[in-house]
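A quick write-up on the structure given underneath.
The values are calculated or read from the model by the stated rules, or taken from the named source; none is laboratory data. Remember, predicted model here, so these are calculated numbers, not experimental data. Every residue, glycine as well, gets a Cβ built from its backbone with ideal geometry; the counts of neighbours run over all protein chains shown. Side chains included, ligands, DNA and RNA excluded: accessible areas come from the protein's heavy atoms. Shrake-Rupley method; radii C 1.70, N 1.55, O 1.52, S 1.80 Å.
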Amino acid sequence: MNRRPTLLAALALTATAALTLSACGGGDEGSAEDKDSDKIVGADTGGEKSAPPSESSASAAEGRPKIELPPDVTLVFEGEKTGDQVKDAVLADNAERMRAVDAAIAGTDTNGEALAFYNTGKALEAALSWVNQFEEAGATMTGEVRYYDRKVTIEGEKSAVLIFCADESKGFSKDKKTNKVHKTSVTKNSYVLYNTKLDKSAEGVWQTSQIVSSRGAAQCQP
């Protein structure tokens, strides 16, 4: 499934008129330049750490894009296995979606192949805008992000809702030119609530189609 022409066109559009990331836009919120932007946004699945720069098991599957992350970016995924095959597939593809966004920001997926593979609709627009904000700020990411309390609700054969939390207290933005890490204190805004909708494609991929984030959400606080 080749989505590169569509993605590259969307990237060009985003570069000329970056979208404002907000709940109504259904995407990763914030700016790579604002006070909370030193915290990075990523994603995952399963109670294990990724092993950068090796590819994940999901992206190693036939027909799926290979996703690699830099050695200084670690994603921790909790709640990978529920015992339900469909829910587990939703969790796995959502994790790949989040990894794909981070790979695009970090420059290990320069063509955005994985970004387009795991996103569609409003979620793709939001992801492109988020990546573009980092690009315009001359920033990348470093550190660790943990994803937890991941709850899936199946809504028919081809639709699902996934709500989860992100702990960005150990993730920060980094200047691309100087490699300076912009560390910030841990506050309630270090924790983000995500509410996402996923649709199953004809190829059997659970693509994120809508995503709403709420920074500082009470239910994600430690």
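If I filter the range 176-183 for residues that are within 21 Å of ALA127 (Cα to Cα) and open to solvent by less than 40 Å² (accessible area, probe 1.4 Å), do I get at least one hit? No - not one qualifying residue is present in the range 176-183. The set of residues in the range 184-205 that are open to solvent by less than 10 Å² (accessible area, probe 1.4 Å) and in contact with a helix residue (DSSP H, G or I) (Cβ under 8 Å, 6 or more places away or on another chain) comprises VAL192, THR196, LEU198, VAL205. Do the conditions hold for ALA116, that is, is it under 15 Å from the mean Cα position of the chain (by Cα) and either within 14 Å of VAL73 (Cα to Cα) or open to solvent by 40 Å² or more (accessible area, probe 1.4 Å) (or both)? Taking the combined requirement at face value, the residue does not satisfy it. Go through the range 72-87 and give me each residue that's part of a loop (DSSP other than H, G, I, E, B) and touching a strand residue (DSSP E or B) at 6+ places or on another chain (Cβ under 6 Å). Residues satisfying the conditions are ASP72, GLU78, GLY79. The set of residues in the range 119-130 being buried (at least 24 other Cβ atoms within 10 Å of the Cβ) and touching a helix residue (DSSP H, G or I) at 6+ places or on another chain (Cβ under 6 Å) consists of ASN119, ALA126, ALA127, LEU128. Checked against (1) more than 24 Å from GLU68 (Cβ to Cβ); (2) touching a residue at least 60 places away in the same chain (Cβ under 8 Å); (3) outside any loop (DSSP other than H, G, I, E, B), GLY171 meets all criteria but (1).
Conditions (1) at pLDDT 95 or above; (2) among the small types (Gly, Ala, Ser), marked per residue:
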site	(1), (2)
GLU136	no, no
TYR148	yes, no
GLY156	no, yes
ILE163	yes, no
SER173	no, yes
THR187	yes, no
ASN195	yes, no
SER214	yes, yes
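Specify which of the listed residues (VAL90, VAL131) is assigned to a helix (DSSP H, G or I) and more than 17 Å from GLY204 (Cα to Cα). Going through VAL90, VAL131 in turn, the sole match is VAL131. Just one residue in the set GLU78, GLU62, GLU55 is at pLDDT 50 or above, over 23 Å from VAL192 (Cβ atoms) and of a type outside the set (Phe, Trp, Tyr); that residue is GLU62.
Among the residues of the range 102-113, the one identified as open to solvent by 60 Å² or more (accessible area, probe 1.4 Å) and either part of a helix (DSSP H, G or I) or within 17 Å of ILE163 (Cα to Cα) (or both) is GLU113. Taking residues in the range 190-210 that are assigned to a helix (DSSP H, G or I), and partners anywhere that are acidic (Asp, Glu), the pairs with Cβ atoms closer than 9 Å and at least 6 places apart or on different chains are SER190/ASP36; SER190/ASP167; SER190/GLU168.
Against the numbered list (1) among the charged types (D, E, K, R); (2) in contact with a Pro (Cβ under 9 Å, 6 or more places away or on another chain); (3) crowded, with 23+ Cβ neighbours inside 10 Å, ARG99 comes up short only at (2).
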